[in-house]
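Every number here is computed from the coordinates shown, using simple stated rules; none is lab data. For clarity, every value in this text was computed on a predicted model and none was experimentally measured. Here the Cβ positions follow ideal geometry from the backbone for every residue, glycine too, while neighbour counts run over all protein chains shown.
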Amino acid sequence: MPRSLIPPEFFVLRDEGRCTKCKACVRQCGFGVHAEEPEGGLSANDQRCVNCQRCVVMCPAGALRIKANDSIGRENAYWPGSRLREIWRQAESGGSILTGMGCDRSYPVYFDHLLLNASQVTNPSIDPLREPMEIRTFLGRKPEELSLTGPPGEEKLAGPLPPAVRLEMPVMFAAMSFGSISKNAVLALAQAAKQLGIMFNTGEGGMHAALAPYREHMIVQVASGRFGVDSAYLEAGRIIEIKIGQGAKPGIGGHLPGEKVNEEIARTRGIPAGADAISPAPHHDIYSIEDLRQLITTLKEATDYRKPVAVKIAAVHNVAAIASGIARAGADIVVLDGLRGGTGAAPKLIRDHIGLPVELAVAVVDRRLREEGLREQVSLVASGGIRSSADLLKIVCLGADAVYLGTAALLALGCHLCQKCYTGRCSWGIATQDPALTRRLDPEWGAARLVNLLTAWQHEIKEFMGAMGINALESLRGNRLQLRGVGLPQNELDQLGVKQAGAGNTMSGGTIVVRGSAGDIVGYAMRGGKILIRGNAGWRVGIHMKSGAHSPAVLIIGGKTGDFLGEYMAGGTIVVLGLNHPLPREREAANPLTGNYLASGMHGGVIYIRGRVPAWQIRGQVQVELTTPEESPALRSWIDQFAAGLNLDCTALYREAFSRLTPRGARPYAHLYDHSA
């Protein structure tokens, strides 16, 4: 057999002065790099080394070091060493090159070009150690409206809500099947998810019997191979996920070689031991969006509509249109998996040259769903490349409701990113089924490390939110005003929907339509244009608002608002309709449509509120008057604009409701200032 032309990728360096010949390196290496010589010494086969660092970490004498081979030929800018190695390997094997984990090429990492905001003076920061911070999130379809029945003070929901799942923090463990990783690794993920109040995903390999105690925190996946899928499997999970694509290998299926399919994996997947487990590229019952709708409906029917159904797709070039179709097909959750998402095995060139970064995918999908009025019908989950709590908050600001963690979770379990998962020889006991290797990973130890990691992230998330002056994660979802770009061209900033660093939050024209509820600090310092919000708004809405010379600033809120409405307002118009809160007159004072410190520091402009305003809410030199009859046409005009902007076929109903309540409408305005603007 001719000698291989491929030089070693790494060199094993042994300090003979420190080495005690204990043979720990021989026992610890899963790839057979280290060996004992007949004369009693130790040697290393550099050709086999994958730089998993197991021998370095476990050497009691600290005698080992791994060094990358930085010169394998006459590389240049066009022919780097990685390209030379790929050609040599394919010339020897005649096959595609397999690899593990996600894309490692130097495409732009948008997370590293986005900066978060912080509060100063006008929107004070919050101390998360002393103030409650809400980081829970709910996944599933949002109800279009809430109907109540019962006498005052004892109201109850008139009908059932769509199924939803509560997460104590906006994180879940990504789909990693038993077979691609060891049972101990799966158990560590399950135990950590239960302790943290989040979810883990079984992947497409079925549900091992040992996972039964963790059903309340389990997502079951239905992929093209349908391994282990039956009615009991569907009933076991809190969420059912249909896997259409994967970010690391979009458009291709999966293959677990028969030599890896032991009796336990065979029993879990429902296939014979030793048989190849092949997942086809397409689902053979899904060839159109109509077929997907049928499968979604079938799964909901099979579980009596008690479980949300998610659809996972890879982030590809037309991802916004695909996500829109999925939302219209009845999915409750859309999972977007970016090209940096991990995998146990994928062709290297497929992994590195197909797909989109998840940051771009989430931004364009969130914008498309909002434009089409579908955003509240689905939750968005981002997957593929989340490395830290800062990445998590940035992707939430771009539009995600929650994220999947895969690679980061495996790193917490001991993975050193050697990218050799497909070999089944993982020295850390994670991506292997070898009993001698899997016993190295204790599930309780692994779960404790995962809990530590995400507990630290929880603290960091609260610190970030406190610095931004925001006390609820919901206020950050899709809130691109909290982001600024650094070192990105304008066309990429436009795709992300983010302004260049140094730009303010001022809106000077155009129309923004929010079909659900909005967060905090909406309309900050806006000088023109129109913002229409179908639901409620948070606190500090319309602060520093003023009106420009050519485009008056108008902010219309369909529901209620929080504290500090119109703070330091200098111009423009705010209208609070309270249409979602039709209360009897005697209960309005106890349930006002605005929060405390209404119009604090206001010195211009006008605020119209459909309902009573208790005197204790007013701060500063502001008076309250009943709306005069001559102002009714303007108010009705704004309601017409509100209904038209939101494509609601209820303009007449809104006009009727407002005209009926106009005599007790209230209008705060600045004392001694012209308030007709």
Stokes-Einstein, Kirkwood over Cα pairs, the stretch 10-95, 4 °C, 1.567 mPa s; D in µm²/s equals 89 µm²/s
Of 513-520, 55-62, ordering from highest average Cβ density within 10 Å down gives 513-520, 55-62
Given R₀ = 60 Å, what would the calculated FRET efficiency be for R65 paired with S637, taking r from the Cβ atoms and rounding to 0.05? 0.20
Note the direction-averaged projected area, equal to a quarter of the hull surface, for the Cα convex hull of the stretch 355-406, in nm². 3.5 nm²
At most 14 other C-beta atoms within 10 Å and a DSSP loop state: those are the exposed chymotrypsin sites (Phe, Trp or Tyr not before Pro) I care about. Give me the longest piece of the chain that has none. 306-677
Which label in (1) 37.5, 157; (2) 29.1, 105; (3) 59.3, 162 gives the computed Rg and Dmax of the Cα atoms in Å: (2)
Only Lys, Arg, Asp and Glu count, each charged at its Cβ (+1, +1, -1, -1), so figure out the dipole size of the stretch 10-95 about its Cα centre, rounded to 20 debye. 240 debye
Which of the lysines could a cross-linker span from K23 if the Cα-Cα distance has to be under 25 Å and same-chain partners fewer than 8 positions apart are dropped? K67, K420
For the stretch 134-145, just list the computed ³J(HN,Hα) in residue order, Karplus coefficients 6.51, -1.76 and 1.60, θ = phi - 60°, integers in Hz, with x standing in for Gly and Pro. 9, 10, 5, 9, 10, 10, x, 5, 7, x, 5, 7
Could you state the number of Å between the C-alpha centres of the stretch 508-575 and the stretch 380-422? 35 Å
Cα principal axis extents for the stretch 300-379, largest first, Å: 41, 31, 15
Built amide H within the under 5 Å cut-off of M507, gap 5+: M526, R527, G528
Rounded Å value of the spacing that divides the Cα centres of the stretch 139-212 and the stretch 65-100: 43 Å
One finds, for H317 and R166 with R0 = 22 angstrom and r their Cβ-Cβ distance, a FRET efficiency to the nearest 0.05 of 0.05
Along the charge dipole of the chain, which of H416, L98, Q482 sits closest to the positive end, that is, farthest toward it, with unit charges on the beta carbon of Lys, Arg, Asp and Glu (+1, +1, -1, -1)? H416
Checked against a 32 Å limit on the C-alpha separation, the offending pairs among K260/K312; K142/K348; K462/K560; K194/K249; K21/K194; K307/K348 are K142/K348; K21/K194; K307/K348
Which of the listed residues, V171, P80, A402, is farthest toward the dipole's positive end in the chain, when Lys, Arg count +1 and Asp, Glu count -1 at the beta-carbon? P80
Using the beta-carbon distance between T149 and L234 and R0 = 35 Å, what value does 1/(1 + (r/R0)^6) give for FRET efficiency, to the nearest 0.05? 0.60
At a 10 Å Cβ-Cβ cut-off, how would you order S147, S43, fewest neighbours first? S147, S43
Mind listing the long-range amide H neighbours of L42? Cut-off is under 5 Å, sequence gap 5 or more, other chains count too, H placed in the peptide plane at 1.01 Å from N. E37
For the chain, the dipole about the Cα centre with charges only on Cβ (Lys and Arg +1, Asp and Glu -1), to the nearest 20 debye, works out at 480 debye
Where labels lie 7 Å past Cα in the beta-carbon direction, separation of Q195 and I87 in nm: 5.1 nm
Taking Cα atoms, the helix 632-645 axis meets the longest principal axis of the chain at an angle in degrees (rounded to 10) of 20 degrees
So E259 and E36, fully extended at 0.36 nm per residue minus their Cα-Cα distance, gain in nm 77.5 nm
Selection from I322, Y568, H255 lying farthest towards where the dipole of the chain points positive, charges on Cβ: H255
Between the stretch 440-477 and the stretch 231-301, the Cα center-to-center distance that results, in Å: 31 Å
Going Cα to Cα from K499, which lysines come in below 16 Å? Please leave out same-chain ones fewer than 8 positions away. K394
Summing +1 for each Lys or Arg and -1 for each Asp or Glu, what net charge is found among the other residues whose Cβ lies under 13 Å from the Cβ of G548? +3
Using a cut-off of 18 Å between alpha-carbon atoms, which lysines can reach K546, once sequence neighbours fewer than 8 places away in the same chain are excluded? K530
Can you list the HN-Hα couplings for the stretch 372-377, worked out from phi with the Karplus curve (6.51, -1.76, 1.60; θ = phi - 60°), rounded to whole Hz and with x for Gly and Pro? 9, x, 10, 4, 7, 7
Determine the gain in length on full extension of the stretch E444-E16; use 0.36 nm per residue of separation and subtract their C-alpha separation, reporting nm with one decimal. 150.4 nm
